[in-house]
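FYI, it's all coordinate maths here, none of it is from the lab. Remember, predicted model here, so these are calculated numbers, not experimental data. Here the Cβ positions follow ideal geometry from the backbone for every residue, glycine too, while neighbour counts run over all protein chains shown.
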Amino acid sequence: AREEIFGPVLSVIAYDTVDEALAIANDTPYGLNAAVWGPDKEEASKVAAAVLSGNVYVNDSPRDVTAPFGGFKDSGIGREGGKDGMLEFTEPQAIFNA
């Protein structure tokens, strides 16, 4: 569960509390994609916000192609897609003239 695996793979680990589930989810050097499933969408969204991953899907939410895509931790920095992906190609300038 601590290795970054590409392909159609699902790791399932049992847990007793939400805090334990978050500890398991965040106990990895990677963080590209994650998913949170639960009957209470509001609670699942709060849990998703605590998962250290670039993209987190709640229940069966579809991918939004206008959203930025990229990882956390050893899964890389930077973003592709969306406004954040476009910012990589800009050269912001600050002029201070007091």
Would you mind calculating the gained length between A98 and V9 on full extension (0.36 nm times residue separation, minus the Cα-Cα distance), in nm to one decimal? 26.3 nm
How much FRET efficiency would the formula 1/(1 + (r/R0)^6) give for T17 and F89, where r is the Cβ-Cβ distance and R0 is 30 Å, rounded to 0.05? 0.10
Given (i) 1.03; (ii) 1.46; (iii) 1.32 as candidate values of Cα Rg over 2.2 N^0.38 Å, which corresponds to the one derived from the coordinates? (iii)
Most mobile of D27, D64, D84 in a GNM of the chain (Cα contacts under 10 Å): D64
The chain, dipole about Cα centre (Lys/Arg Cβ +1, Asp/Glu Cβ -1), debye to the nearest 20: 240
